[in-house]
1. Residues to consider are PRO25, PRO77; find the one that is at pLDDT below 90, surrounded by 11 or more Cβ atoms within 10 Å (Cβ to Cβ) and closer than 30 Å to GLY116 by Cα.
2. Only residues that are surrounded by 12 or more Cβ atoms within 10 Å (Cβ to Cβ) and without any contact (Cβ under 8 Å) to a residue 40 or more places away in the chain: list them for the range 105-118, please.
3. So PHE65 fits all but one of (1) under 30 Å from ALA114 (Cα atoms); (2) modelled with pLDDT under 85; (3) touching a helix residue (DSSP H, G or I) at 6+ places or on another chain (Cβ under 6 Å); what number is the exception?
4. Considering only the range 126-138, I want to know if a residue exists there that is surrounded by 12 or more Cβ atoms within 10 Å (Cβ to Cβ) and in contact with a strand residue (DSSP E or B) (Cβ under 9 Å, 6 or more places away or on another chain).
5. Residues to consider are VAL70, VAL111, VAL80, VAL84; find the one that is part of a helix (DSSP H, G or I) and farther than 21 Å from VAL39 by Cβ.
6. Filter the range 31-54 for residues that are touching a residue at least 60 places away in the same chain (Cβ under 8 Å) and either loosely packed, with under 10 Cβ neighbours inside 10 Å or in contact with a Gly (Cβ under 9 Å, 6 or more places away or on another chain) (or both) and give the result.
7. Being small (Gly, Ala, Ser) and touching a His at 6+ places or on another chain (Cβ under 6 Å) narrows it down to one residue among SER37, SER61, SER31; which is it?
Amino acid sequence: MTDSAKTRPVYRNIHITQIVGYRLPPAGIVSILHRISGVVMFVLLPFVVWMLDASLGSEISYDGFTNVFVAGAAGLPAWVIKLVVLGLIWAYLHHFIAGVRHLWMDATHSVSKAQGHSTAVFTLVLSLALTALLGAKLFGLY
């Protein structure tokens, strides 16, 4: 065995105890959050269908729908329902922006490390900024 074979780095999967200290690049974070946001949207799909049905059914059902955000429903306070809706807003925005990022990268064959890093940071910042903006509206700050 030669000396160069002995000094080659060995890459292994990280152990479960190393996950806390492992630093993912922004593109990895966006990828994982893209999957999480897709699951959140899928799990909350019945809630979205209920919101659509309640808001479009009639004037009475619309009043009941808007009252949920003021007085709460099903034993839940209104702020809990608003937090669920805020999570849904984040999931949709992040999934949409990350999906557009992936489509753009596929269409333009932009696969450089620097460009992947910058678009991932842009995706994270834009999705969080839009979520904060819509969350402020949802919670009545403006």
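1. Just one listed residue meets the conditions, PRO25.
2. MET105, SER110, GLN115, SER118 - these are the residues of the range 105-118 that are surrounded by 12 or more Cβ atoms within 10 Å (Cβ to Cβ) and without any contact (Cβ under 8 Å) to a residue 40 or more places away in the chain.
3. Of everything listed in (1) under 30 Å from ALA114 (Cα atoms); (2) modelled with pLDDT under 85; (3) touching a helix residue (DSSP H, G or I) at 6+ places or on another chain (Cβ under 6 Å), PHE65 misses just condition (1).
4. no
5. Details: VAL111 fails: part of a helix (DSSP H, G or I); VAL80 fails: farther than 21 Å from VAL39 by Cβ; VAL84 fails: farther than 21 Å from VAL39 by Cβ.
Residue meeting the stated conditions: VAL70.
6. Residue satisfying the conditions is HIS34 alone.
7. Values: SER61 fails: touching a His at 6+ places or on another chain (Cβ under 6 Å); SER31 fails: touching a His at 6+ places or on another chain (Cβ under 6 Å).
Testing whether each residue is small (Gly, Ala, Ser) and touching a His at 6+ places or on another chain (Cβ under 6 Å) leaves just SER37.
The values are calculated or read from the model by the stated rules, or taken from the named source; none is laboratory data. Every value quoted in this text rests on a predicted model; they were computed, and no experiment measured them. Positions of Cβ are generated from backbone atoms using ideal geometry, with glycine treated the same way; all protein chains shown enter the neighbour counts.
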